[in-house]
Amino acid sequence: MKSFLSNFLLTLVLALVFSLLLPWWSIMLAAFLSGAIVRLRKASAFVVPFLAIAVFWIVYAWLLSSANDFILAEKIAVLLPLGGNAVLLILVTGIVGGLAAGIAGLFGNQCRALFSQSDQ
């Protein structure tokens, strides 16, 4: 449980810091680094970074969209097959970011396992 929480928090903190300086793909760098630093087992190597970045992007998108009463989000949701539903667009945004981070976190965890085996 401790490694879950530490990976979750490390991913969030790194993603927040990197997002200030780098483009959208910085969340994958944050998930990769947290996966390489904190060891997770089995499916949690994917799920923990997925949840961390999904929560981060959902909250961030909600804060940005609420500043203009979801006008832009509704217009973008019309372009996509979401029926103009801004909340659904924000959820899809979180899922896409979570998938990218989950795959990067899994890759970081596998790289950590690969290099730790070669040291022994």
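All of the numbers you see were taken from the coordinates with simple rules; none came from a lab. Model, not experiment: these values are computed from the prediction. Here Cβ is always computed from backbone atoms with ideal geometry, including for glycine, and neighbour counts include all displayed protein chains.
Things worth noting here:
- At least 18 Å along the helix axis (C-alpha) and Kyte average at least -1.0, DSSP helices within the chain: 2-21, 44-66, 86-119
- Among N68, N85, N109, the residue with the largest mean-square fluctuation in a Gaussian network model of the chain, with springs joining Cα atoms closer than 10 Å, is N68.
- Rough spin-label spacing in nm, given labels placed 7 Å along Cα→Cβ, for L99 and I37: 2.8
- Which labelled figure in (1) -0.79, -1.18; (2) -0.34, -1.09; (3) -0.23, -1.28 is log10 I(q)/I(0) by the Debye sum over Cα atoms at q = 0.10, 0.22 Å⁻¹, once derived from the coordinates: (2)
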